[in-house]
Structure formats: structure tokens, C-alpha cells
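Novice: Let me give you the structure first, and then I'll get to my questions.
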Amino acid sequence: MKRPITIAGAGPSGLTAAINLALAGYSVEVYEVNRTAGERFNNCFQILENYTEKEELLTSLNRMNIKVNFFCQPANEINFYDSKLTRCSLKSRVEPYGYFIKRGSDNDTLDQGLVEQASDLGVKIIYTTKLNQEKADIDAEGARSIAGISKEIVFDTNINNTFRVILDNNITPGGFSYLFAINKKGTIGSAVLRKFSQINSFTAKAVDRFQEIEKFEMKSPKEFVSYIDFFISKSAKNNNRLITGEAAGFQDYLFGIGIRLSIQSGYLAAKSIIENIDYDNLWKSQFTEKMKMSIVNRFLYEIGGNIGYTRFNKSAQNSDFKEFGYKLYQPNLFKKFIFPFIKIIWKDYSKCTHGDNCLWCRRKLEK
Ligand SMILES: Cc1cc2nc3c(=O)[nH]c(=O)nc-3n(C[C@H](O)[C@H](O)[C@H](O)COP(=O)(O)OP(=O)(O)OC[C@H]3O[C@@H](n4cnc5c(N)ncnc54)[C@H](O)[C@@H]3O)c2cc1C
């Protein structure tokens, strides 16, 4: 008789764990504090990246028993702009660098797609109920403390198939802003790792800059502010509880593109229970190096300022964008050499909120 499993959080990591455990014959209950999965995202567009690993994303999802029953549009082109609004057209020619997906309560979102797959397998999802994480076998609560903050506006628009990113410290210091428009729906976002209190004015500036590139309508706007967490922990276990997704700090520190890591961690947590394998060994062998490289990437990204962003855009334009992204996350001698120094420069134990479990923190820049 397999023990019943309780999961806190119906995000991508919790639902992926639920799907895999249900497939293996476990009886699974998922608690979600909100009325539905992904509620806070307002059906925005996000990107499921396809560049940090050799394995193609769709193959990877299939291997992790996730069906693509949600909106999932290959992303092959995107325009990156610098502070002077100089455009660089980035293209991936062989395989997409990612897939545009939607997040929220609409039927075609990633969240509702995962809910449907889990429910079809008999997973019980209990909404509007907060589960005390100590009662969970899997803690998939999402970000608990703030490493970065993002504001998004979701709207109806008259432009179509527009994918733009602006890297400009005058708008989003150390961060970036983006405009994705598909099928007359648009998402504008701005993301920063510091100066959190100014997020509204950063987003307003980002809207102005995107309008400067090309005028477009923004009808029925819905706004929300949300945050991401990032840290490298000694262990993603607490007693027998397995911690997945952003609750365990599994994120990309360069651009906050963490869904793939969340899905992978949910899969690994399920695998650890089903096959009785140590969860920490599983995630460490797959994530640690990649997360360390994302710290080095962020350091190099920030150090060059606006001049560095212009260079970043040009080198991305001169390469295949998926290959460019892949190389960014591969450890090389230089990146391995500078990593310990970056840790020393950035680490500030006094303000870390992740406790003794944290092998990484950069709290001193958070204001
Ligand atoms: C504005 C924004 C844009 C983003 N864009 C991208 C992108 O383009 N690409 C990308 O890869 N990543 C992106 N991310 C990051 C991505 O959303 C996260 O990495 C991912 O959702 C984390 O998944 P998760 O399962 O760990 O947690 P979450 O998705 O945060 O899910 C956790 C769930 O648990 C629920 N919950 C919390 N506590 C409890 C409790 N005690 N009991 C019951 N329920 C609970 C929450 O309500 C939530 O639904 C973005 C993040 C933000 C904020």
C-alpha cells in the first residue's frame, strides 16, 4: 500500500510532482491557497526556455510525463534593444530558444493544463486552503522571500506577434523590461533585483519606451506585482519534507526564467519518493552548476552597465540565440575561477532570510 501524499502549492512544481506520483499509483492531494492555479498571473505570456539544456524542451516535458495540452508557441525570434533603442534581432535557426506560454486561469494556460492532467489522474486539488507546510510531504509554496520583483500589465491590443526586450539601466537598473504580444493580447513587464519601491515608475517608463518604438493600444489593462526568490541551499529537504521550485530557491538568477527548473524539481521530488532515491543528490547533480552559472552571468551582466548590454545584444544577434543561451550556462574555466570571488563580494549573511540552509545570498543590494 503506497502512502498518501500531500502537496502544498498548485504551481508548476507541485502539479508536476502530483502528476508523476499519481501515475505511479499514489493517492495525491494538492492544496492551493488561491481560487485557482496561477491566479496571480492574469493570463500573461511567459517563456518556457529551451536553451539551458541540450535536451529539447518538448522531449524533456514528455520524459517528465507532462503533456502539452496548453498554449505553447515556438519562440524563434525576438528583438532586444539597448538604452538608445538600437535594435538587435535575435534568431534561433535550428530549434526555438523557448516557447511562449500563458499563465493564469484561462483554459489554455500552463497552470490549467497541468491541473487538467493532474485531475484526470485522480489528483484531488483543494482550493482556497492554505496548508501548513509542516503537514506537507512536498512543499511547493513558491517564492517565500524576495530576491527580485516584477510588475506586469496584461492588456488587449491592436498589435500582433511582437516580442521585444529592453536592457536599459535608466528604466530597470540591473533588470530588463519586455513586451510580448500574441493574438491581440499583450504583456508588458519590468523586472529588477533592487530598488523594489520604484517598480511602478520603472514599469511606467518601460511602457513609454515600448510606445516610442511603435505605438500600440493598451485596453482593459490588469496589473500585478509579484516577486521571485533565488538561493542555493545546502539541502532541499526539511525532515522528510521535500521542497520544490522557487520555495527551494530553484530559479535563474540572470533573468528569472525559472519554470523549467520548477517542473524538473517537481519531477525529481516524485522520482525520489517513487524510487526511494535521495532528493538532494538528484537536484544537486542537475541544478547546482546551472544555478552557479546564472550567478556569474548576472555579475557579468551588471558589471558592464548599459555599454555591456549593447555588447550583449550584439553578440546574441551574431549567434544562434539558442546556442548563445546554452553557452551562457556552461561552466568554463573563467566562470569557475571568478565564482568564489563573486560570492565573497555579494554575500551578506546578516540580511539573508534563508537561514542556515543558505549557501548563497546577495541581500545587501536589496533596497
Ligand atoms: C511576473 C513574473 C514573470 C515571470 N516570467 C517567467 C517566464 O517568462 N519564464 C519563466 O521560466 N519563469 C518566469 N517567472 C518565474 C516563474 O513564474 C516561477 O519560477 C514559477 O512559477 C515557480 O513555480 P513554483 O511551482 O515553484 O511556484 P509558484 O508558481 O509560485 O506556485 C506556488 C503556488 O503555491 C501556492 N501556495 C503557497 N503557499 C501555499 C500554502 N501554504 N498552501 C497552499 N498553497 C500555497 C501559491 O498560491 C501558488 O499558486 C516569472 C515570475 C514572475 C513573478
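The values are calculated or read from the model by the stated rules, or taken from the named source; none is laboratory data. Since the model is a prediction, treat every value here as computed from it, not as a measurement. Glycine gets a Cβ as well: all are built from the backbone with ideal geometry, and neighbour counts include every protein chain shown. What goes into the accessible areas is simple: the full protein's heavy atoms, side chains included, and nothing from ligands, DNA or RNA. Shrake-Rupley method; radii C 1.70, N 1.55, O 1.52, S 1.80 Å.
Residues checked against (1) open to solvent by 10 Å² or more (accessible area, probe 1.4 Å); (2) under 17 Å from the mean Cα position of the chain (by Cα); (3) not hydrophobic (A, V, I, L, M, F, W, C):
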| position | (1), (2), (3) |
| --- | --- |
| 225 | yes, yes, no |
| 243 | yes, yes, no |
| 256 | yes, yes, yes |
| 264 | no, yes, yes |
| 273 | yes, no, no |
| 290 | yes, yes, yes |
| 294 | no, yes, yes |
| 303 | yes, no, no |
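Novice: Looking at 342, 307 in this structure, which one is among the aliphatic types (A, V, I, L, M) and in contact (Cβ under 8 Å) with a residue 40 or more places away in the chain?
Specialist: Working: 307 fails: in contact (Cβ under 8 Å) with a residue 40 or more places away in the chain.
Criteria check complete, one pass: 342.
Novice: With (1) within 12 Å of the ligand (Cβ to nearest atom); (2) touching a helix residue (DSSP H, G or I) at 6+ places or on another chain (Cβ under 7 Å); (3) more than 30 Å from residue 280 (Cβ to Cβ) as the list, and residue 174 as the residue in question, which single condition is left unmet?
Specialist: In the conditions (1) within 12 Å of the ligand (Cβ to nearest atom); (2) touching a helix residue (DSSP H, G or I) at 6+ places or on another chain (Cβ under 7 Å); (3) more than 30 Å from residue 280 (Cβ to Cβ), residue 174 misses (1) alone.
Novice: Something else now. Might you check whether a residue that is in a helix (DSSP H, G or I) and not acidic (Asp, Glu) occurs anywhere in region 181-189?
Specialist: Step one: of region 181-189, the residues in a helix (DSSP H, G or I) are none.
No, every residue in region 181-189 fails to be in a helix (DSSP H, G or I) and not acidic (Asp, Glu).
Novice: Would you please name the residue that is farthest from the ligand (Cβ to nearest atom), looking only at residues in region 137-156 that are within 22 Å of residue 263 (Cα to Cα) and assigned to a strand (DSSP E or B)?
Specialist: The selected residue is 138.
Novice: A further question follows. Identify the residue in region 21-45 that is near the ligand (Cβ under 10 Å from one of its atoms) and open to solvent by less than 30 Å² (accessible area, probe 1.4 Å) and, among all such residues, is farthest from residue 89 (Cα to Cα).
Specialist: Checked region 21-45; the qualifying residue farthest from residue 89 (Cα to Cα) is 30.
Novice: Follow-up question, since we're still on this one. Could you tell me whether any residue of region 327-349 is touching a Cys at 6+ places or on another chain (Cβ under 8 Å) and modelled with pLDDT of 95 or more?
Specialist: no
Novice: Considering each residue of region 119-136, count those that are away from the ligand (no atom under 13 Å from the Cβ) and under 18 Å from residue 265 (Cβ atoms), and give that number.
Specialist: Restricting attention to region 119-136, the residues satisfying the condition of being away from the ligand (no atom under 13 Å from the Cβ) are 119-124.
Still in the running and under 18 Å from residue 265 (Cβ atoms): 123.
Summing the residues that are away from the ligand (no atom under 13 Å from the Cβ) and under 18 Å from residue 265 (Cβ atoms) in region 119-136 gives 1.
Novice: Somewhere in region 111-121, is a residue in contact with a Pro (Cβ under 9 Å, 6 or more places away or on another chain), closer than 30 Å to residue 204 by Cα, among the charged types (D, E, K, R) and assigned by TED's automatic domain parsing to the domain that holds residue 53?
Specialist: yes
Novice: Consider region 202-259. How many of its residues are in a strand (DSSP E or B), within 21 Å of residue 183 (Cβ to Cβ) and within 12 Å of the ligand (Cβ to nearest atom)?
Specialist: Residues flagged as in a strand (DSSP E or B), within 21 Å of residue 183 (Cβ to Cβ) and within 12 Å of the ligand (Cβ to nearest atom) within region 202-259 amount to 2.
Novice: Does residue 105 fit the bill of being of a type in the set (Gly, Ala, Ser), farther than 24 Å from residue 300 by Cα and assigned to a loop (DSSP other than H, G, I, E, B)?
Specialist: yes
Novice: Quick check on my filter: what residues within region 164-191 are among the aromatic types (Phe, Trp, Tyr) and within 20 Å of residue 301 (Cβ to Cβ)?
Specialist: The answer is 176, 178.
Novice: Just to verify a result, which residue in region 157-177, among those that are among the polar types (S, T, N, Q) and part of a loop (DSSP other than H, G, I, E, B), is surrounded by the most Cβ atoms within 10 Å (Cβ to Cβ)?
Specialist: 172
Novice: Ok, one more. Just one of (1) at pLDDT below 95; (2) within 24 Å of residue 84 (Cβ to Cβ); (3) touching an Asp or Glu at 6+ places or on another chain (Cβ under 7 Å) trips up residue 310, so point out which.
Specialist: Of (1) at pLDDT below 95; (2) within 24 Å of residue 84 (Cβ to Cβ); (3) touching an Asp or Glu at 6+ places or on another chain (Cβ under 7 Å), only one is false for residue 310: (1).
Novice: Check residue 283 against each of (1) under 18 Å from residue 354 (Cβ atoms); (2) part of a loop (DSSP other than H, G, I, E, B); (3) more than 16 Å from the chain's Cα centre (by Cα) and name the one condition it does not meet.
Specialist: Single failed check for residue 283: (2).
Novice: Does region 139-154 hold any residues that are crowded, with 23+ Cβ neighbours inside 10 Å and among the β-branched types (Val, Ile, Thr), and which are they?
Specialist: Across region 139-154, the qualifying residues are 149, 154.
Novice: Among the residues of region 77-112, count how many are surrounded by fewer than 21 Cβ atoms within 10 Å (Cβ to Cβ), of a type in the set (Asp, Glu) and closer than 17 Å to residue 41 by Cα.
Specialist: 2
Novice: Quick one: residue 59 ticks every box in (1) away from the ligand (no atom under 13 Å from the Cβ); (2) surrounded by 20 or more Cβ atoms within 10 Å (Cβ to Cβ) except a single one, so which number is it?
Specialist: The one condition residue 59 does not meet is (2).
Novice: Further, regarding this structure: Tally time: how many residues in region 46-71 are modelled with pLDDT of 95 or more, more than 16 Å from the chain's Cα centre (by Cα) and within 30 Å of residue 318 (Cβ to Cβ)?
Specialist: 5
Novice: Further question on the same structure: Can you pull out every residue in region 81-118 that is away from the ligand (no atom under 15 Å from the Cβ) and closer than 19 Å to residue 152 by Cβ?
Specialist: Correct list: 81, 106, 108.
Novice: Let me ask something else. Given the conditions (1) at pLDDT 95 or above; (2) under 27 Å from residue 58 (Cα atoms); (3) aliphatic (A, V, I, L, M); (4) touching a Lys or Arg at 6+ places or on another chain (Cβ under 7 Å), and given that residue 181 satisfies all but one, which numbered condition is not satisfied?
Specialist: Condition not satisfied by residue 181: (4).
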